[in-house]
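To start, the structure itself, in C-alpha coordinates.
The values are calculated or read from the model by the stated rules, or taken from the named source; none is laboratory data. These figures come from a predicted structure and were not determined experimentally. Note that we place each Cβ from the backbone using ideal geometry, even for glycine, and neighbour counts take in every protein chain shown.
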Ligand code: SF4
(Lines give C-alpha, C1' and ligand atoms only; values in the text may rest on other atoms or scores of the structure.)
Protein backbone atom coordinates (compact mmCIF):
# COMPACT_ATOMS: atom_id res chain seq x y z
CA UNK A 1 0.00 0.00 0.00
CA UNK A 2 2.95 2.28 0.46
CA UNK A 3 4.13 4.34 -2.45
CA UNK A 4 7.57 3.33 -3.70
CA UNK A 5 10.37 5.36 -2.20
CA UNK A 6 11.68 6.37 -5.62
CA UNK A 7 8.58 8.20 -6.75
CA UNK A 8 8.63 11.94 -7.24
CA UNK A 9 5.81 13.42 -5.21
CA UNK A 10 3.72 16.31 -6.25
CA UNK A 11 3.34 17.92 -2.83
CA UNK A 12 1.50 20.72 -4.57
CA UNK A 13 -0.63 21.43 -1.57
CA UNK A 14 2.38 21.87 0.69
CA UNK A 15 4.22 24.96 1.52
CA UNK A 16 7.75 24.27 0.30
CA UNK A 17 9.77 23.16 3.34
CA UNK A 18 13.44 23.92 3.71
CA UNK A 19 15.92 21.52 2.25
CA UNK A 20 16.24 18.95 5.01
CA UNK A 21 17.24 16.10 2.76
CA UNK A 22 13.69 14.87 2.18
CA UNK A 23 13.68 12.33 -0.64
CA UNK A 24 10.16 13.33 -1.59
CA UNK A 25 11.33 16.82 -2.41
CA UNK A 26 14.08 15.57 -4.66
CA UNK A 27 16.99 15.61 -2.22
CA UNK A 28 18.39 12.26 -3.21
CA UNK A 29 22.07 13.07 -2.79
CA UNK A 30 23.33 12.05 0.65
CA UNK A 31 23.91 15.03 2.92
CA UNK A 32 25.96 13.31 5.60
CA UNK A 33 28.12 10.27 6.18
CA UNK A 34 25.31 8.06 7.51
CA UNK A 35 23.13 8.78 4.50
CA UNK A 36 26.07 8.16 2.20
CA UNK A 37 26.72 4.76 3.78
CA UNK A 38 23.09 3.80 3.45
CA UNK A 39 23.04 4.87 -0.18
CA UNK A 40 26.27 3.03 -0.97
CA UNK A 41 24.81 -0.23 0.22
CA UNK A 42 21.62 -1.17 2.00
CA UNK A 43 22.06 -2.20 5.61
CA UNK A 44 20.30 -5.50 4.98
CA UNK A 45 23.11 -6.58 2.64
CA UNK A 46 25.62 -6.95 5.45
CA UNK A 47 24.08 -10.27 6.46
CA UNK A 48 25.65 -12.17 3.60
CA UNK A 49 29.06 -10.60 4.23
CA UNK A 50 28.87 -11.63 7.90
CA UNK A 51 28.11 -15.20 6.86
CA UNK A 52 30.55 -15.44 3.94
CA UNK A 53 33.47 -13.25 5.02
CA UNK A 54 33.54 -11.66 8.46
CA UNK A 55 32.63 -14.73 10.50
CA UNK A 56 35.28 -16.73 8.67
CA UNK A 57 38.07 -14.14 8.47
CA UNK A 58 37.48 -12.51 11.85
CA UNK A 59 37.00 -9.05 13.33
CA UNK A 60 39.83 -7.37 11.42
CA UNK A 61 38.25 -8.23 8.10
CA UNK A 62 35.15 -6.12 8.80
CA UNK A 63 34.71 -3.06 6.59
CA UNK A 64 34.50 0.00 8.93
CA UNK A 65 31.28 1.16 7.23
CA UNK A 66 29.75 -2.18 8.13
CA UNK A 67 31.29 -2.31 11.60
CA UNK A 68 29.92 1.03 12.77
CA UNK A 69 26.92 1.22 10.48
CA UNK A 70 25.26 -1.69 8.73
CA UNK A 71 25.87 -4.27 11.47
CA UNK A 72 23.06 -2.50 13.34
CA UNK A 73 20.55 -3.67 10.77
CA UNK A 74 21.07 -7.07 12.40
CA UNK A 75 21.10 -5.93 16.02
CA UNK A 76 24.89 -5.84 16.35
CA UNK A 77 26.84 -2.98 17.97
CA UNK A 78 30.46 -3.12 19.00
CA UNK A 79 30.58 -2.84 22.77
CA UNK A 80 32.74 -0.41 24.72
CA UNK A 81 36.31 -1.41 25.38
CA UNK A 82 36.56 -2.09 29.14
CA UNK A 83 38.39 0.41 31.32
CA UNK A 84 37.73 3.60 29.33
CA UNK A 85 36.24 6.16 31.68
CA UNK A 86 33.27 8.35 30.81
CA UNK A 87 35.38 11.48 30.50
CA UNK A 88 36.91 10.04 27.33
CA UNK A 89 33.62 9.15 25.63
CA UNK A 90 33.34 12.39 23.70
CA UNK A 91 37.07 12.75 23.07
CA UNK A 92 38.15 9.43 21.61
CA UNK A 93 37.65 8.33 18.02
CA UNK A 94 35.03 5.59 17.55
CA UNK A 95 37.70 2.97 16.82
CA UNK A 96 39.40 3.73 20.12
CA UNK A 97 36.18 2.96 21.98
CA UNK A 98 35.37 -0.20 20.02
CA UNK A 99 35.93 -3.52 21.66
CA UNK A 100 36.30 -6.61 19.48
CA UNK A 101 33.04 -7.97 20.93
CA UNK A 102 29.45 -7.13 20.08
CA UNK A 103 26.20 -6.48 21.83
CA UNK A 104 23.50 -8.51 20.08
CA UNK A 105 19.86 -7.48 20.39
CA UNK A 106 17.25 -10.18 19.87
CA UNK A 107 13.95 -8.61 18.83
CA UNK A 108 10.88 -9.95 20.60
CA UNK A 109 7.90 -8.37 18.88
CA UNK A 110 4.98 -7.99 21.27
CA UNK A 111 7.27 -9.40 23.98
CA UNK A 112 5.99 -12.89 23.10
CA UNK A 113 8.15 -15.95 23.72
CA UNK A 114 7.46 -19.64 24.07
CA UNK A 115 9.72 -21.81 26.19
CA UNK A 116 11.69 -23.19 23.25
CA UNK A 117 12.54 -19.61 22.26
CA UNK A 118 13.45 -18.62 25.81
CA UNK A 119 15.70 -21.66 26.18
CA UNK A 120 17.36 -20.94 22.85
CA UNK A 121 18.26 -17.42 23.98
CA UNK A 122 19.52 -18.89 27.27
CA UNK A 123 21.68 -21.43 25.43
CA UNK A 124 23.12 -18.74 23.14
CA UNK A 125 23.84 -16.52 26.14
CA UNK A 126 25.77 -19.31 27.85
CA UNK A 127 27.53 -20.56 24.73
CA UNK A 128 28.51 -17.24 23.16
CA UNK A 129 27.65 -14.34 25.49
CA UNK A 130 29.50 -15.23 28.71
CA UNK A 131 26.06 -15.80 30.24
CA UNK A 132 24.89 -12.18 29.79
CA UNK A 133 21.23 -11.39 29.14
CA UNK A 134 19.58 -8.03 29.79
CA UNK A 135 15.88 -7.31 29.33
CA UNK A 136 15.52 -3.95 27.63
CA UNK A 137 12.72 -1.45 28.12
CA UNK A 138 11.55 -2.27 24.59
CA UNK A 139 10.86 -5.94 25.31
CA UNK A 140 14.07 -7.17 23.67
CA UNK A 141 16.85 -9.27 25.18
CA UNK A 142 20.43 -8.10 24.72
CA UNK A 143 23.45 -10.34 24.90
CA UNK A 144 27.06 -9.16 25.22
CA UNK A 145 30.53 -10.47 24.48
CA UNK A 146 29.46 -11.86 21.12
CA UNK A 147 32.28 -12.62 18.67
CA UNK A 148 31.71 -12.18 14.97
CA UNK A 149 32.70 -15.82 14.38
CA UNK A 150 29.61 -16.97 16.34
CA UNK A 151 27.01 -14.87 14.58
CA UNK A 152 25.95 -17.31 11.82
CA UNK A 153 25.45 -20.09 14.36
CA UNK A 154 23.49 -17.75 16.62
CA UNK A 155 21.23 -16.74 13.73
CA UNK A 156 20.70 -20.37 12.78
CA UNK A 157 19.65 -21.25 16.33
CA UNK A 158 17.38 -18.21 16.65
CA UNK A 159 15.76 -18.66 13.27
CA UNK A 160 15.09 -22.35 13.98
CA UNK A 161 12.68 -21.22 16.71
CA UNK A 162 11.24 -18.25 14.83
CA UNK A 163 13.35 -15.48 16.39
CA UNK A 164 15.50 -12.92 14.65
CA UNK A 165 17.85 -10.00 15.10
CA UNK A 166 16.86 -8.39 11.79
CA UNK A 167 16.35 -4.65 12.14
CA UNK A 168 16.67 -4.85 15.91
CA UNK A 169 18.72 -1.64 15.54
CA UNK A 170 19.58 0.70 12.64
CA UNK A 171 17.50 3.23 10.70
CA UNK A 172 14.66 0.76 10.42
CA UNK A 173 11.30 -0.25 11.88
CA UNK A 174 12.56 -1.80 15.09
CA UNK A 175 10.77 -4.17 17.46
CA UNK A 176 7.01 -3.61 17.67
CA UNK A 177 5.88 -3.22 21.26
CA UNK A 178 2.78 -5.07 22.38
CA UNK A 179 1.00 -5.72 25.66
CA UNK A 180 2.34 -8.87 27.36
CA UNK A 181 -1.25 -9.73 28.24
CA UNK A 182 -2.58 -9.54 24.68
CA UNK A 183 -5.34 -12.10 24.32
CA UNK A 184 -5.61 -13.00 28.00
CA UNK A 185 -6.63 -9.78 29.79
CA UNK A 186 -10.39 -9.64 30.29
CA UNK A 187 -10.29 -5.83 30.24
CA UNK A 188 -8.27 -5.41 27.06
CA UNK A 189 -9.79 -3.27 24.34
CA UNK A 190 -8.37 -5.38 21.53
CA UNK A 191 -5.82 -8.17 21.10
CA UNK A 192 -3.22 -6.66 18.76
CA UNK A 193 -1.20 -9.85 18.28
CA UNK A 194 -2.41 -10.56 14.76
CA UNK A 195 -1.68 -7.04 13.57
CA UNK A 196 1.79 -7.11 15.14
CA UNK A 197 2.56 -10.35 13.33
CA UNK A 198 1.22 -9.07 10.01
CA UNK A 199 3.21 -5.84 10.21
CA UNK A 200 6.34 -7.72 11.18
CA UNK A 201 5.85 -10.06 8.22
CA UNK A 202 5.34 -7.23 5.73
CA UNK A 203 7.86 -4.69 6.94
CA UNK A 204 10.84 -6.26 8.72
CA UNK A 205 13.64 -7.09 6.31
CA UNK A 206 11.73 -5.46 3.45
CA UNK A 207 14.12 -3.27 1.41
CA UNK A 208 11.27 -0.80 0.80
CA UNK A 209 11.59 0.20 4.48
CA UNK A 210 15.22 -0.55 5.32
CA UNK A 211 16.58 2.95 4.67
CA UNK A 212 14.64 5.31 6.90
CA UNK A 213 15.99 8.69 7.99
CA UNK A 214 16.49 7.37 11.50
CA UNK A 215 15.26 4.66 13.87
CA UNK A 216 11.52 4.04 13.98
CA UNK A 217 9.84 2.81 17.16
CA UNK A 218 6.37 1.29 17.11
CA UNK A 219 3.68 0.06 19.49
CA UNK A 220 0.33 -1.66 18.93
CA UNK A 221 -1.80 -2.47 21.89
CA UNK A 222 -5.23 -2.70 23.41
CA UNK A 223 -3.88 -2.70 26.96
CA UNK A 224 -6.19 -0.84 29.36
CA UNK A 225 -3.16 0.20 31.44
CA UNK A 226 -1.46 1.65 28.32
CA UNK A 227 1.62 -0.41 29.08
CA UNK A 228 3.33 0.16 25.73
CA UNK A 229 3.94 3.85 26.43
CA UNK A 230 2.27 4.93 23.19
CA UNK A 231 2.95 8.61 23.90
CA UNK A 232 6.66 8.22 23.23
CA UNK A 233 6.73 5.97 20.17
CA UNK A 234 7.27 7.16 16.61
CA UNK A 235 4.00 5.47 15.73
CA UNK A 236 1.46 3.92 18.07
CA UNK A 237 -1.85 2.18 17.54
CA UNK A 238 -3.92 2.43 20.71
CA UNK A 239 -7.00 0.24 21.16
CA UNK A 240 -10.33 2.11 21.15
CA UNK A 241 -14.03 1.44 20.62
CA UNK A 242 -15.75 3.85 18.25
CA UNK A 243 -19.25 5.29 18.41
CA UNK A 244 -20.62 2.29 16.50
CA UNK A 245 -19.19 -0.15 19.02
CA UNK A 246 -16.41 -1.34 16.66
CA UNK A 247 -12.97 -2.01 18.11
CA UNK A 248 -9.93 -0.64 16.33
CA UNK A 249 -7.09 1.76 16.90
CA UNK A 250 -6.44 5.42 17.55
CA UNK A 251 -3.31 6.45 15.65
CA UNK A 252 -0.50 8.46 17.28
CA UNK A 253 2.65 9.70 15.55
CA UNK A 254 5.75 11.64 16.46
CA UNK A 255 6.54 10.68 20.04
CA UNK A 256 10.12 10.26 21.18
CA UNK A 257 12.50 11.23 23.96
CA UNK A 258 16.26 11.60 23.56
CA UNK A 259 17.61 15.16 23.63
CA UNK A 260 14.46 16.83 22.18
CA UNK A 261 11.60 15.02 23.88
CA UNK A 262 8.15 15.26 22.31
CA UNK A 263 4.90 13.48 23.05
CA UNK A 264 3.14 11.76 20.15
CA UNK A 265 0.16 13.46 18.52
CA UNK A 266 -3.18 11.91 17.70
CA UNK A 267 -4.14 12.06 14.05
CA UNK A 268 -7.78 11.66 15.09
CA UNK A 269 -8.46 8.68 12.82
CA UNK A 270 -10.07 5.32 13.50
CA UNK A 271 -8.09 2.39 12.11
CA UNK A 272 -9.90 -0.91 11.70
CA UNK A 273 -7.73 -3.93 12.60
CA UNK A 274 -7.62 -5.16 9.00
CA UNK A 275 -6.31 -1.74 7.90
CA UNK A 276 -3.54 -1.56 10.51
CA UNK A 277 -0.75 -2.99 8.35
CA UNK A 278 -1.60 -0.70 5.41
CA UNK A 279 -1.73 2.31 7.69
CA UNK A 280 1.54 1.28 9.32
CA UNK A 281 3.23 1.03 5.93
CA UNK A 282 1.75 4.40 5.01
CA UNK A 283 3.16 6.10 8.10
CA UNK A 284 6.59 4.53 7.57
CA UNK A 285 6.36 5.58 3.93
CA UNK A 286 5.68 9.21 4.89
CA UNK A 287 8.67 9.10 7.21
CA UNK A 288 10.92 7.48 4.62
CA UNK A 289 10.00 9.97 1.90
CA UNK A 290 9.42 13.21 3.82
CA UNK A 291 11.60 12.62 6.90
CA UNK A 292 14.59 14.90 7.41
CA UNK A 293 17.90 13.37 6.43
CA UNK A 294 20.23 16.37 6.58
CA UNK A 295 21.03 16.30 10.32
CA UNK A 296 20.97 13.08 12.36
CA UNK A 297 19.73 14.87 15.45
CA UNK A 298 16.70 16.20 13.57
CA UNK A 299 15.90 13.04 11.67
CA UNK A 300 13.32 11.32 13.90
CA UNK A 301 9.71 11.52 12.68
CA UNK A 302 8.81 13.77 15.64
CA UNK A 303 10.50 16.73 13.94
CA UNK A 304 8.43 16.26 10.79
CA UNK A 305 5.22 15.87 12.81
CA UNK A 306 6.09 18.91 14.87
CA UNK A 307 6.63 21.03 11.74
CA UNK A 308 3.63 19.73 9.82
CA UNK A 309 1.12 19.28 12.62
CA UNK A 310 -1.21 16.28 12.80
CA UNK A 311 -3.74 17.63 10.24
CA UNK A 312 -1.22 17.87 7.46
CA UNK A 313 0.37 14.55 8.36
CA UNK A 314 -3.05 12.92 8.17
CA UNK A 315 -3.81 14.55 4.83
CA UNK A 316 -0.54 13.35 3.25
CA UNK A 317 -1.01 9.86 4.69
CA UNK A 318 -4.53 9.58 3.33
CA UNK A 319 -4.10 11.22 -0.05
CA UNK A 320 -0.63 10.13 -1.11
CA UNK A 321 -0.24 6.76 0.60
CA UNK A 322 -3.56 5.17 1.54
CA UNK A 323 -5.59 6.71 -1.30
CA UNK A 324 -8.59 6.77 1.00
CA UNK A 325 -9.93 8.82 3.86
CA UNK A 326 -9.89 7.24 7.30
CA UNK A 327 -12.92 7.92 9.49
CA UNK A 328 -12.56 10.10 12.55
CA UNK A 329 -12.22 8.15 15.76
CA UNK A 330 -12.23 8.58 19.52
CA UNK A 331 -9.30 9.13 21.88
CA UNK A 332 -8.32 6.21 24.12
CA UNK A 333 -9.90 5.81 27.53
CA UNK A 334 -7.80 6.98 30.45
CA UNK A 335 -5.33 4.32 31.60
CA UNK A 336 -6.42 1.78 34.19
CA UNK A 337 -4.57 2.16 37.48
CA UNK A 338 -1.47 4.13 38.27
CA UNK A 339 1.08 1.49 37.28
CA UNK A 340 1.58 0.42 33.71
CA UNK A 341 3.53 -2.74 34.43
CA UNK A 342 2.05 -6.19 34.90
CA UNK A 343 3.91 -7.30 38.00
CA UNK A 344 1.99 -9.47 40.45
CA UNK A 345 -0.60 -12.26 40.21
CA UNK A 346 -3.82 -11.54 38.32
CA UNK A 347 -6.61 -13.61 36.73
CA UNK A 348 -6.77 -14.18 32.99
CA UNK A 349 -10.08 -14.18 31.18
CA UNK A 350 -9.93 -17.98 30.79
CA UNK A 351 -9.71 -18.63 34.55
CA UNK A 352 -5.94 -19.20 34.68
CA UNK A 353 -3.57 -16.64 36.18
CA UNK A 354 -0.61 -14.64 34.94
CA UNK A 355 2.37 -13.99 37.14
CA UNK A 356 4.54 -10.92 36.56
CA UNK A 357 7.91 -10.70 38.27
CA UNK A 358 10.75 -8.26 38.65
CA UNK A 359 14.38 -8.99 37.94
CA UNK A 360 16.42 -6.01 39.12
CA UNK A 361 16.71 -3.42 36.31
CA UNK A 362 16.25 -6.18 33.73
CA UNK A 363 19.50 -7.92 34.54
CA UNK A 364 19.27 -11.66 33.98
CA UNK A 365 21.69 -14.29 32.72
CA UNK A 366 21.60 -17.49 30.72
CA UNK A 367 21.09 -19.70 33.77
CA UNK A 368 18.30 -17.47 35.07
CA UNK A 369 16.53 -17.63 31.71
CA UNK A 370 16.74 -21.41 31.90
CA UNK A 371 15.42 -21.31 35.47
CA UNK A 372 12.45 -19.21 34.34
CA UNK A 373 11.72 -21.67 31.53
CA UNK A 374 11.94 -24.63 33.92
CA UNK A 375 9.68 -22.97 36.50
CA UNK A 376 7.11 -22.09 33.82
CA UNK A 377 7.17 -25.63 32.44
CA UNK A 378 6.84 -27.24 35.86
CA UNK A 379 3.73 -25.15 36.38
CA UNK A 380 2.12 -26.05 33.09
CA UNK A 381 2.92 -22.90 31.10
CA UNK A 382 4.54 -22.62 27.68
CA UNK A 383 4.28 -18.86 27.33
CA UNK A 384 6.38 -16.08 28.82
CA UNK A 385 6.33 -12.37 28.03
CA UNK A 386 8.72 -9.46 28.34
CA UNK A 387 7.44 -6.03 29.38
CA UNK A 388 8.50 -2.48 28.52
CA UNK A 389 9.55 -2.01 32.15
CA UNK A 390 12.40 -4.58 32.05
CA UNK A 391 10.18 -7.18 33.72
CA UNK A 392 8.70 -10.56 32.72
CA UNK A 393 5.36 -12.36 32.92
CA UNK A 394 4.52 -16.08 32.87
CA UNK A 395 1.07 -16.82 31.43
CA UNK A 396 -1.44 -19.65 31.84
CA UNK A 397 -0.86 -20.73 35.43
CA UNK A 398 -3.70 -22.84 36.85
CA UNK A 399 -5.24 -21.42 40.05
CA UNK A 400 -3.97 -24.26 42.21
CA UNK A 401 -0.38 -23.74 41.00
CA UNK A 402 -0.12 -20.02 41.75
CA UNK A 403 1.35 -20.27 45.25
CA UNK A 404 3.89 -22.80 44.07
CA UNK A 405 5.08 -20.72 41.10
CA UNK A 406 5.35 -17.57 43.22
CA UNK A 407 7.51 -19.45 45.72
CA UNK A 408 9.67 -20.93 42.96
CA UNK A 409 10.28 -17.52 41.37
CA UNK A 410 11.02 -15.82 44.67
CA UNK A 411 13.46 -18.60 45.54
CA UNK A 412 15.64 -17.44 42.64
CA UNK A 413 15.16 -13.75 43.54
CA UNK A 414 12.56 -13.07 40.86
CA UNK A 415 10.12 -11.21 43.05
CA UNK A 416 6.41 -11.27 42.34
CA UNK A 417 5.63 -8.78 45.13
CA UNK A 418 8.63 -6.49 44.90
CA UNK A 419 9.12 -3.18 46.64
CA UNK A 420 8.19 -0.09 44.64
CA UNK A 421 11.89 0.52 44.16
CA UNK A 422 12.62 -2.84 42.59
CA UNK A 423 9.41 -2.79 40.63
CA UNK A 424 9.73 0.67 39.14
CA UNK A 425 13.43 1.34 38.71
CA UNK A 426 14.90 0.96 35.24
CA UNK A 427 18.44 1.43 33.99
CA UNK A 428 19.98 1.60 30.52
CA UNK A 429 23.11 -0.34 29.52
CA UNK A 430 25.57 2.32 30.69
CA UNK A 431 29.34 2.39 30.68
CA UNK A 432 29.75 -1.35 31.17
CA UNK A 433 29.10 -1.92 27.46
CA UNK A 434 27.79 1.27 25.79
CA UNK A 435 30.18 3.44 23.80
CA UNK A 436 28.10 6.59 24.34
CA UNK A 437 27.94 6.23 28.09
CA UNK A 438 29.46 8.65 30.54
CA UNK A 439 28.61 6.77 33.73
CA UNK A 440 27.83 3.32 35.11
CA UNK A 441 24.12 2.56 35.43
CA UNK A 442 23.07 -1.05 36.11
CA UNK A 443 25.15 -1.67 39.24
CA UNK A 444 24.44 1.87 40.45
CA UNK A 445 20.70 1.33 40.08
CA UNK A 446 20.84 -2.11 41.74
CA UNK A 447 22.70 -0.65 44.71
CA UNK A 448 20.21 2.20 44.85
CA UNK A 449 17.30 -0.27 45.00
CA UNK A 450 18.95 -2.20 47.86
CA UNK A 451 19.66 0.96 49.76
CA UNK A 452 16.15 2.40 49.33
CA UNK A 453 14.57 -0.91 50.36
CA UNK A 454 16.71 -0.84 53.49
CA UNK A 455 16.03 2.79 54.37
CA UNK A 456 12.36 3.08 53.36
CA UNK A 457 10.88 -0.38 53.86
CA UNK A 458 7.31 0.88 54.29
CA UNK A 459 7.16 3.01 51.13
CA UNK A 460 4.54 1.61 48.73
CA UNK A 461 3.42 4.48 46.49
CA UNK A 462 3.98 4.22 42.74
CA UNK A 463 7.28 5.95 41.92
CA UNK A 464 9.47 5.51 38.85
CA UNK A 465 13.23 5.96 38.98
CA UNK A 466 14.97 5.79 35.61
CA UNK A 467 18.75 5.79 35.32
CA UNK A 468 20.52 6.80 32.11
CA UNK A 469 24.22 6.70 31.34
CA UNK A 470 24.27 9.75 29.05
CA UNK A 471 21.98 12.49 27.65
CA UNK A 472 20.25 10.02 25.34
CA UNK A 473 17.13 8.61 26.88
CA UNK A 474 17.24 4.86 26.45
CA UNK A 475 15.76 4.47 29.94
CA UNK A 476 13.16 7.23 29.43
CA UNK A 477 14.42 9.68 32.04
CA UNK A 478 12.12 12.54 31.07
CA UNK A 479 8.96 10.60 31.87
CA UNK A 480 10.10 9.22 35.23
CA UNK A 481 9.18 10.60 38.62
CA UNK A 482 12.90 10.74 39.29
CA UNK A 483 14.97 10.74 36.10
CA UNK A 484 18.74 10.50 36.44
CA UNK A 485 20.85 11.61 33.49
CA UNK A 486 24.45 10.45 33.69
CA UNK A 487 27.18 13.05 33.50
CA UNK A 488 30.44 13.96 35.15
CA UNK A 489 30.07 16.23 38.17
CA UNK A 490 32.47 17.85 40.59
CA UNK A 491 32.59 16.33 44.07
CA UNK A 492 33.32 18.04 47.38
CA UNK A 493 37.06 17.69 46.77
CA UNK A 494 36.87 19.40 43.41
CA UNK A 495 37.40 16.15 41.49
CA UNK A 496 35.40 15.15 38.42
CA UNK A 497 33.44 12.02 39.24
CA UNK A 498 30.45 10.08 37.93
CA UNK A 499 27.14 11.66 38.78
CA UNK A 500 23.66 12.53 37.61
CA UNK A 501 21.59 15.53 36.58
CA UNK A 502 18.18 15.22 38.23
CA UNK A 503 14.83 15.47 36.41
CA UNK A 504 11.81 15.50 38.71
CA UNK A 505 8.12 14.89 38.15
CA UNK A 506 7.86 13.42 34.64
CA UNK A 507 4.92 11.19 33.83
CA UNK A 508 2.82 9.56 31.15
CA UNK A 509 -0.92 9.02 31.09
CA UNK A 510 -3.50 11.51 32.32
CA UNK A 511 -1.06 14.29 33.12
CA UNK A 512 1.67 13.35 30.65
CA UNK A 513 4.58 15.72 30.78
CA UNK A 514 8.33 15.80 30.99
CA UNK A 515 10.22 15.99 34.24
CA UNK A 516 11.61 19.33 35.25
CA UNK A 517 15.35 19.60 34.96
CA UNK A 518 16.17 21.53 38.08
CA UNK A 519 19.01 23.86 37.26
CA UNK A 520 22.12 22.97 39.14
CA UNK A 521 20.47 19.93 40.73
CA UNK A 522 23.05 17.22 40.45
CA UNK A 523 24.43 14.50 42.62
CA UNK A 524 27.51 12.35 42.56
CA UNK A 525 26.87 8.64 42.02
CA UNK A 526 28.20 8.04 45.52
CA UNK A 527 25.69 10.41 47.10
CA UNK A 528 22.79 9.14 44.98
CA UNK A 529 21.13 6.92 47.64
CA UNK A 530 21.18 9.82 50.15
CA UNK A 531 19.70 12.18 47.61
CA UNK A 532 16.90 9.89 46.40
CA UNK A 533 16.03 8.71 49.92
CA UNK A 534 15.68 12.35 50.99
CA UNK A 535 13.43 13.27 48.06
CA UNK A 536 11.23 10.20 48.54
CA UNK A 537 10.98 10.71 52.31
CA UNK A 538 9.99 14.36 51.84
CA UNK A 539 7.31 13.38 49.35
CA UNK A 540 6.03 10.63 51.61
CA UNK A 541 5.77 12.84 54.66
CA UNK A 542 4.33 15.91 52.90
CA UNK A 543 1.98 14.46 50.28
CA UNK A 544 -1.71 15.25 50.52
CA UNK A 545 -4.45 12.66 50.08
CA UNK A 546 -4.32 11.30 46.51
CA UNK A 547 -1.30 13.40 45.49
CA UNK A 548 1.15 11.57 43.25
CA UNK A 549 4.86 12.34 43.05
CA UNK A 550 4.43 14.09 39.69
CA UNK A 551 1.75 16.38 41.19
FE1 LIG B 1 24.07 4.15 26.14
FE2 LIG B 1 23.26 6.59 26.74
FE3 LIG B 1 21.49 4.80 25.79
FE4 LIG B 1 22.46 4.53 28.23
S5 LIG B 1 21.17 6.24 27.49
S6 LIG B 1 22.32 2.89 26.69
S7 LIG B 1 24.53 5.28 28.02
S8 LIG B 1 23.24 5.65 24.69
Test: residue in the range 359-372 that is at pLDDT 95 or above, in contact with a helix residue (DSSP H, G or I) (Cβ under 8 Å, 6 or more places away or on another chain) and assigned to a loop (DSSP other than H, G, I, E, B): yes
Selection from the range 488-506 of residues that are free of Cβ contacts under 8 Å to residues at least 60 places away in the same chain and either within 14 Å of the ligand (Cβ to nearest atom) or in a strand (DSSP E or B) (or both): 489, 490, 497, 501, 502, 503, 504
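Quick one: which strands (runs of 3 or more DSSP E) sit completely within the range 89-207 and have at least 2 residues that are surrounded by fewer than 20 Cβ atoms within 10 Å (Cβ to Cβ)? Give the derivation first.
Working: elements: 98-106, 112-114, 132-135, 141-146, 173-177.
Answer list for the range 89-207: 98-106.
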Residue 438 being within 13 Å of the ligand (Cβ to nearest atom), modelled with pLDDT of 95 or more and in a helix (DSSP H, G or I): no
Given (1) within 22 Å of residue 113 (Cα to Cα); (2) within 16 Å of the ligand (Cβ to nearest atom), number of the condition residue 432 does not satisfy: (1)
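Report the residue count in the range 536-551 for those that are surrounded by 18 or more Cβ atoms within 10 Å (Cβ to Cβ) and modelled with pLDDT of 85 or more. Spell out the reasoning first.
At the first step, the residues of the range 536-551 found to be surrounded by 18 or more Cβ atoms within 10 Å (Cβ to Cβ) are 536, 539, 549-550.
Still in the list and also modelled with pLDDT of 85 or more: 536, 539.
Within the range 536-551, residues that are surrounded by 18 or more Cβ atoms within 10 Å (Cβ to Cβ) and modelled with pLDDT of 85 or more number 2.
Residue 396: at pLDDT 95 or above and surrounded by fewer than 18 Cβ atoms within 10 Å (Cβ to Cβ), yes or no?
On the way: at pLDDT 95 or above: yes; surrounded by fewer than 18 Cβ atoms within 10 Å (Cβ to Cβ): no.
The answer is no for residue 396.
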Output for the range 507-535, where each listed residue is modelled with pLDDT under 80 and assigned to a loop (DSSP other than H, G, I, E, B): 508, 509, 510, 511, 512, 514, 515
Single condition residue 423 does not satisfy, out of (1) away from the ligand (no atom under 16 Å from the Cβ); (2) outside any loop (DSSP other than H, G, I, E, B); (3) in contact with a helix residue (DSSP H, G or I) (Cβ under 7 Å, 6 or more places away or on another chain): (3)
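Taking the options 475, 445, name whichever one is within 9 Å of the ligand (Cβ to nearest atom) and touching a residue at least 12 places away in the same chain (Cβ under 8 Å).
On the way: 445 fails: within 9 Å of the ligand (Cβ to nearest atom).
Only one candidate passes the filter, namely 475.
Sort out which residues of the range 390-420 are part of a loop (DSSP other than H, G, I, E, B), away from the ligand (no atom under 16 Å from the Cβ) and under 23 Å from the mean Cα position of the chain (by Cα), and write them in order of number. Give the steps one after another, and end with the answer.
Going residue by residue through the range 390-420, those that are part of a loop (DSSP other than H, G, I, E, B) are 390-391, 398, 412-414, 416-419.
Subset that is away from the ligand (no atom under 16 Å from the Cβ): 391, 398, 412-414, 416-419.
Once the filter is applied, which keeps residues that are part of a loop (DSSP other than H, G, I, E, B), away from the ligand (no atom under 16 Å from the Cβ) and under 23 Å from the mean Cα position of the chain (by Cα), the range 390-420 yields 391, 414, 416, 418.
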Odd one out for residue 470 among (1) assigned to a loop (DSSP other than H, G, I, E, B); (2) within 13 Å of the ligand (Cβ to nearest atom); (3) more than 23 Å from residue 364 (Cα to Cα): (3)
Residue count for the range 107-131, restricted to those that are within 15 Å of residue 76 (Cα to Cα) and in contact with a helix residue (DSSP H, G or I) (Cβ under 6 Å, 6 or more places away or on another chain): 3
Any pair with Cβ under 7 angstrom, 6 or more apart, that starts in the range 149-160 at a residue that is under 22 Å from residue 114 (Cα atoms) and ends at one that is at pLDDT below 95 and in a helix (DSSP H, G or I): none
Selected residue (only one of 463, 452, 456 is away from the ligand (no atom under 16 Å from the Cβ), surrounded by 22 or more Cβ atoms within 10 Å (Cβ to Cβ) and over 16 Å from residue 548 (Cβ atoms)): 452
